[in-house]
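Okay, so here's the structure we're looking at.
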Amino acid sequence: MNNNLQATLLKAAAAFLFIFSVILSLAPSVRERTWAVDLNWTHWIGFAAWAVLTFFAHRTTLERAPSADAFLLPSASLLAGWGLLTIYRLEPTFGLRQTAWLTISTLAFIFTLRLPPNLNFLRRYKYIALALGLLLTALTLIFGANPAGFGPRLWLGGGTIYLQPSEPLKLLLVAYLAAYLADRLPATSAPSQRFTLRGLLNLPFLIPTFLMTGLSLTILLVQRDLGTASIFLLVYALILFLATGKRRIPVLVGLGLILAGAIGYFYVDIINLRISAWLNPWADPSGRSYQIIQSLLAIANGGLFGRGPGIGAPTLVPVALSDFIFAAIAEETGLLGAVALLALVGILLFRGLRTALAAPDSFQRLLAAGITCYLAVQSLLILGGNLRLLPLTGVTLPFVSYGGSSLLTAFVALALLVRISARGESEPAVLVSQKPYTLLATLFGLGLIACALSSGWWAIIRGPSLLTRTDNPRRSISDFYVQRGALLDRANTTITISLGESGSFSRKYLYQDLASVIGYTQYLFGQAGLESTLDEYLRGTQGNPASLVQWNQLLYGTPPAGLDVRLSIDLNLQIAADAALAGETGALILMNAQSGEILVMASHPTYDPNNIGDEGPALLTDDQTPLVNRAAQGLYTPAALLALLAGAQFDDTSPPNDAARVAFIEQLGFYEAPALLLPVADPSPRGEVDSLRVSPLQVALAAASLSNDGVRPAPRIALAVNTPMQGWVILPTQSQPVTIFSAQTAQATALSLAEPSGLFWKFVTTALEKDKTITWFIAGTLPDWQGAPLTVVVLLEKPDPQLAEAIGLALLRAAVNGH
Amino acid sequence: MSATLVLILRALLAASLYIFLLWAFIAMWRGLRDQGLSLANRRIPSLDLSIQIEDGPLTRRTFQHAEIFIGRDPACDVALEDNSISARHAHLSYHHGQWWLEDLASTNGTRLNQSLLQVPTVLVSGDQIECGHSLIIVSIGASIEASPTLRLPIES
C-alpha cells in the first residue's frame with residue numbers, strides 16, 4: 001500500500017512537472033503574443049532525465065527498502081524537478097549541467113540504498129569519513145577555485161566540474177556526531193538529573209565533538225563561508241540538544257550567533273553589509289540591498305497566481321539560480337506556488353523527524369534527526385533571507401537550487417533518511433524524552449509558517465506599491481512587449497510614437513527639439529518629462545477599464561496597450577520657436593492667456609532622446625544641462641519683472657509693506673509650483689522677496705493676466721487621452737484660475753506697455769543671475785484683440801534684449817496670423 | 001490566443017501541485033488513523049497471576065492490558081495488603097513481544113525465581129515473583145484480541 005502511495009505521489013509530481021514544461025515551451029508565444037516565435041524545447045531534456053531517474057530511484061526504494069517512508073522521495077523529487085526546470089528557464093546551459101548533476105545525485109541515492117542497511121560502516125569509520133571531508137575542505141584553502149572566476153574560492157576542481165567540499169562535509173559531520181553521541185550517551189538514562197549544563201560542558205566525552213566541529217568551523221571562517229559556518233554551528237547545537245534534551249544548548253548557541261552577528265556588524269565588512277541590507281534595505285536599493293530588493297520585487301510581481309513559468313522576469317534577480325531560486329519560483333508560480341513549496345519542505349522535514357523517532361537504534365535516530373536539522377536549518381536560512389526575515393546568507397535551497405555539491409549531498413542525505421525509515425518489523429529504540437523532537441517540529445513548522453506569511457505580505461499586501469517603484473525594471477521591460485501610447489500635438493500630428501512589434505517595440509521621437517519637454521523613457525535611464533508624468537496613460541494602466549488592466553495582468557503580467565495623449569503644443573509654432581532659439585541658451589513659452597494651454601514650450605540646448613542610451617551618461621555631466629527643461633525647471637531672478645507687476649498693482653504714493661508684497665507675490669503664483677502634468681521646479685519658499693527665483697512658466701502665467709483681464713490662468717499641456725471606450729476624454733486642469741489684478745488695472749498696464757504696431761504689449765529687461773546676465777522678454781496681446789489672448793515669455797542666458805524681443809514678437813505675430 | 005491556453009494550463013499546474021499536497025496530507029492522516037487503530041487492536045497475550053499473600057489463600061487474576069503495577073497502594077492493579085511491600089513495588093509491562101518485570105526501586109526488593117531482580121527481565125510461564133512476603137506465580141496465556149471488530153456478511 002505504501003508502494004502504491006509513493007507511485008501515486010510521484011505520478012502527481014510528474015504531472016506537475018509535465019504541465020510546467022508545456023507552459024515553459026509555450027512561454028515565448030505568450031510574451032510576444034504571436035505563434036510566430038521559436039518555442040523553448042531544451043528543458044524537455046531535463047524533464048525526461050528527471051522522469052527516468054526518478055523511476056529508477058523509485059524502483060530501488062521498492063526493492064531495497066520496501067517499508068520506507070512513502071513521502072520522502074516524492075517530496076524531494078518534486079522539489080528537485082521543480083528546481084531543475086526553473087534553472088532551465090533561467091539559464092538553459094546551467095539547466096544541462098544541473099541535469100548532469102541530478103543524474104550523478106540519483107546514482108548516489110541508488111548506491112547509498114544498496115549499502116548494508118544497518119549503516120554500521122558509517123558508525124565505525126566516522127573519524128576517517130570526517131577527516132576526509134575536512135581534508136577536502138582544507139584543500140580549498142590552497143587549491144580553491146570559484147567557477148565564476150571571482151568571489152570566495154570554496155570549490156575544488158576545474159573545467160566544468162567543481163565540487164564544494166563544505167557541502168558533503170555537513171553530512172559527514174552530522175554522521176560523525178550521531179555516531180559519537182550514540183556510542184557515548186547512555187540512551188536509557190533518566191533525562192534530567194544526570195547532566196547539569198555545567199557538568200555537560202565539562203564532560204570530557206564532548207571534547208572530541210568540540211574539536212571536530214571547531215575544526216570545521218575554523219576552516220569555513222577562514223574561507224569566509226559564513227552562511228555554511230552558521231549552518232554547522234546550529235546543526236551541532238540541535239544535535240546536542242536532541243541527544244541530551246538540554247534546551248539551553250541551542251538557546252546559548254543561538255544567542256552566541258546573534259552576539260557574533262552584532263560584533264561582526266561593527267568589525268567585519270561582509271557581515272555589516274548583510275545586516276544593514278537586512279535591517280534597512282530601502283536606504284540603498286541600488287547598492288548594498290540591490291539583491292534583496294530585487295528578490296522582493298520578484299515575489300511582489302508574482303502576486304497570488306504568479307506570472308506563469310517562463311512569463312515573468314526572474315532573471316532580473318541576481319544569482320536567481322542558486323541563492324534566490326525561491327524568489328524566481330515565487331514570481332512565476334505566485335503565492336500559491338510559494339506556499340506549496342514551503343509545504344513540500346514541511347512534509348520532508350516532518351517525515352524526517354518521524355523517521356528519526358521510529359529509528360531502530362540511537363545512532364540511526366540521531367543521524368536521521370541530524371539530517372533533518374541540516375535540511376531544515378539550511379532551507380529556513382535561505383528562505384528567510386529571500387523574504388527579508390533573516391539576514392542574507394549565501395547558501396543553497398536543498399534539492400532546488402543550482403549546484404552539484406548541494407544536490408549530491410541532499411540526495412545522499414535523502415537516501416540515508418529513506419534507509420532509516422525502512423525499519424521493517426524492528427521496534428523503535430527507547431527514547432529518553434520526546435520533548436526535543438516535539439520542540440523541533442514546532443520550531444520548523446513555525447519557521448515555515450513565518451515564511452508563508454511573509455510571502456503573502458510581499459506578494460499581496462505590499463506587492464502593488466512595491467511594483468510602482470522606479471527601480472522595478474519590469475515596467476520598462478513590458479514596454480518592449482506592449483505598445484506605448486503616442487504623444488500628439490494639438491492638430492493630432494504625431495510627435496512621439498512606439499514602433500515595432502511585440503518583443504521589439506522601440507520609442508521614436510519624431511521631433512527631437514522638444515526633448516526637454518517630452519523627456520524620454522528608457523529601460524536604463526528611467527523616465528523624464530511628459531513621458532514620466534503621463535506614464536500611466538501612455539502605459540495603459542489609467543484610462544483603460546479596470547477589468548482590461550487586470551485581465552492583461554493575469555494573462556501577460558503587463559498592462560494593456562497604452563493610450564495616445566494629445567498635447568496643447570502647436571507643432572508649427574514650436575518648429576518656428578526652436579528654429580529661432582537654435583544655438584542659444586534659453587527658454588521660450590507661448591501660452592493661450594485665457595485657457596492656459598501651452599502652445600510652445602522650448603528649452604535650449606536640447607538633446608536627442610532617441611540616443612539617450614548612448615548619450616545619457618555624457619548628458620548627465622554636461623555643463624549646459626540639456627536634460628533640464630529650462631522653461632519649467634529653470635529658476636531665474638525675476639528682477640524688473642517683479643517691479644513692473646508690482647507697479648501695476650500698487651500706487652507709487654503708498655508703497656506696500658512687506659506683508660502686502662508677499663501676499664502679492666503669492667497672487668502672482670511665484671511661491672507655488674504650477675500645477676500641470678509636467679515636471680516643474682520647486683518654487684521659492686513663501687516670504688522670499690529679494691532672493692526670489694521664478695521659472696519662465698511661472699512668469700508666463702503671471703504675464704498672461706495682463707492679456708486676460710487680470711486673471712492668471714490654470715496651465716495645461718496635456719489636453720486629452722484617447723480611451724478605448726469613450727474616445728477622446730478631456731484631461732482637466734490641475735488648478736483653478738486666480739485673479740491677480742482688476743480688469744481695469746490689467747488693461748491699463750497692458751496699454752501702457754503697448755508697442756508701436758498697436759497689436760501687443762511688451763516688456764524687456766536684463767538681470768544679473770549669479771555670474772551671468774540674463775534677458776527676460778514678456779509680451780502679449782492687447783485687451784482689444786478679438787482672437788484668443790496670447791502671452792509669450794523669452795528667456796536668454798545672455799544679455800541680448802534685441803534678440804529676445806525679435807524672437808518673442810516674431811512668434812507672437814506668427815501665432816496671431818495663424819489663428 | 002496562446003495566453004488563454006497558457007492561462008488554462010497555469011490553472012492545471014496549480015491544481016496538480018495541490019493535488020500532490022492534498023493526496024500527501026490525506027495519506028498522512030490515514031497513516032495516523034491506521035497506526036492508532038493497529039495500536040488499539042494490538043494483540044496482547046493475557047497474563048494470569050496466581051497471588052498468595054504471606055500464607056493466605058491462592059487467588060487467581062487475569063490481566064489483558066499492557067501495564068500492570070504491583071504495590072501496597074490501592075490504585076495499583078495488583079494491590080497487596082502486605083506491610084513488607086512498597087507502595088509501588090514492581091511493574092509488569094508488555095513490549096517488544098514479551099512480558100517484562102521491573103522493580104520500581106522498592107524497599108525490600110523483588111525476587112524472580114529466588115534471585116533478586118536487578119534489571120528488567122523477560123517473564124515466562126511458571127516464573128515465581130516474590131514481593132516482600134507475597135508470592136505471585138506467572139502464567140502467560142494465548143493471544144487474544146482486545147476489541148476486535150467483526151464484519152458480518154450482509155445477506156441480501
Any hit, region A:28-45, residues being within 14 Å of chain B (Cβ to nearest Cβ) and open to solvent by less than 10 Å² (accessible area, probe 1.4 Å): yes
Unique match (being surrounded by 13 or more Cβ atoms within 10 Å (Cβ to Cβ) and assigned to a helix (DSSP H, G or I)) among B:36, B:31: B:31
Scope region A:768-803; condition of a type in the set (Gly, Ala, Ser) and either out of contact with any Phe, Trp or Tyr (no Cβ under 7 Å at 6 or more places or on another chain) or farther than 15 Å from residue A:640 by Cβ (or both); matching residues: A:780, A:787, A:788
Filter result (open to solvent by less than 20 Å² (accessible area, probe 1.4 Å) and within 14 Å of residue A:398 (Cα to Cα)) within region A:353-380: A:371, A:372, A:373, A:374, A:375, A:376, A:377, A:378, A:379
Checklist (1) surrounded by 15 or more Cβ atoms within 10 Å (Cβ to Cβ); (2) at pLDDT 85 or above; (3) over 20 Å from residue A:397 (Cα atoms) applied to residue A:298, failing item: (3)
Odd one out for residue A:324, checked against (1) within 14 Å of chain B (Cβ to nearest Cβ); (2) touching a helix residue (DSSP H, G or I) at 6+ places or on another chain (Cβ under 7 Å): (1)
Top-ranked residue in region A:212-259 [being small (Gly, Ala, Ser) and under 39 Å from the mean Cα position of the chain (by Cα); ranked as surrounded by the most Cβ atoms within 10 Å (Cβ to Cβ)]: A:216
Members of region A:500-511 that are of a type outside the set (Gly, Ala, Ser), open to solvent by 40 Å² or more (accessible area, probe 1.4 Å) and at pLDDT below 90: A:501
Condition met for residue A:502 (out of contact with any helix residue (DSSP H, G or I) (no Cβ under 6 Å at 6 or more places or on another chain) and in contact (Cβ under 8 Å) with a residue 40 or more places away in the chain): no
Answer residue from region A:535-549, given it is part of a helix (DSSP H, G or I) and in contact (Cβ under 8 Å) with a residue 12 or more places away in the chain and is most open to solvent (accessible area, probe 1.4 Å) among those: A:548
Residue selected from region A:303-317 under the condition in a helix (DSSP H, G or I) and touching a Leu at 6+ places or on another chain (Cβ under 7 Å), by the criterion most open to solvent (accessible area, probe 1.4 Å): A:315
Single condition residue A:67 does not satisfy, out of (1) more than 12 Å from chain B (Cβ to nearest Cβ); (2) of a type in the set (Gly, Ala, Ser); (3) in a helix (DSSP H, G or I); (4) open to solvent by 10 Å² or more (accessible area, probe 1.4 Å): (3)
Subset of region B:53-76 [part of a strand (DSSP E or B) and either open to solvent by less than 60 Å² (accessible area, probe 1.4 Å) or among the β-branched types (Val, Ile, Thr) (or both)]: B:59, B:62, B:63, B:68, B:69, B:70, B:71
Filter result for residue A:80 (more than 11 Å from every other protein chain (Cβ to nearest Cβ), open to solvent by less than 10 Å² (accessible area, probe 1.4 Å) and part of a helix (DSSP H, G or I)): yes
Filter pass, residue A:55 being within 9 Å of another protein chain (Cβ to nearest Cβ) and either within 30 Å of residue A:419 (Cα to Cα) or of a type in the set (Lys, Arg) (or both): no
Number of the exception - residue A:798 against (1) open to solvent by less than 50 Å² (accessible area, probe 1.4 Å); (2) over 17 Å from residue A:707 (Cβ atoms): (1)
Selection from region A:462-480 of residues that are of a type outside the set (Asp, Glu), more than 16 Å from residue A:303 (Cα to Cα) and not in a loop (DSSP other than H, G, I, E, B): A:476, A:477, A:478, A:480
Residue satisfying all of: in region A:801-818; over 25 Å from residue A:637 (Cβ atoms) and in contact (Cβ under 8 Å) with a residue 60 or more places away in the chain; least open to solvent (accessible area, probe 1.4 Å) among these: A:815
Given (1) of a type outside the set (Lys, Arg); (2) in a loop (DSSP other than H, G, I, E, B); (3) buried (at least 19 other Cβ atoms within 10 Å of the Cβ); (4) away from every other protein chain (no Cβ under 13 Å), index of the condition residue A:50 fails: (2)
Extreme residue, nearest to the chain's Cα centre (by Cα), among residues of region A:333-344 that are facing chain B (nearest Cβ under 10 Å) and open to solvent by 10 Å² or more (accessible area, probe 1.4 Å): A:333
Qualifying residue in region B:52-65 (condition: within 14 Å of chain A (Cβ to nearest Cβ) and either among the hydrophobic types (A, V, I, L, M, F, W, C) or under 28 Å from the mean Cα position of the chain (by Cα) (or both)): no
Inter-residue pairs, beta-carbon under 6 Å, first in contact (Cβ under 8 Å) with a residue 12 or more places away in the chain and in region A:247-276, second in a loop (DSSP other than H, G, I, E, B), 6+ apart: A:273/A:288; A:274/A:391; A:274/A:392; A:275/A:391
Which listed residue, of A:113, A:122, A:141, is modelled with pLDDT of 75 or more, open to solvent by 60 Å² or more (accessible area, probe 1.4 Å), of a type outside the set (Asp, Glu) and under 23 Å from residue A:378 (Cβ atoms): A:141
Filter result for residue A:491 (in a loop (DSSP other than H, G, I, E, B) and closer than 20 Å to residue A:573 by Cβ): yes
Check on residue B:24, surrounded by 13 or more Cβ atoms within 10 Å (Cβ to Cβ) and in contact with a strand residue (DSSP E or B) (Cβ under 8 Å, 6 or more places away or on another chain): no
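The values are calculated or read from the model by the stated rules, or taken from the named source; none is laboratory data. If you're wondering where the values come from, they're calculated on a predicted model, not measured in any experiment. Every residue, glycine among them, receives a Cβ derived from its backbone with ideal geometry; neighbour counts consider all protein chains shown. Ligands, DNA and RNA are stripped out before the accessible areas are found, and what is left, the full protein with its side chains, is counted by its heavy atoms. Shrake-Rupley method; radii C 1.70, N 1.55, O 1.52, S 1.80 Å.
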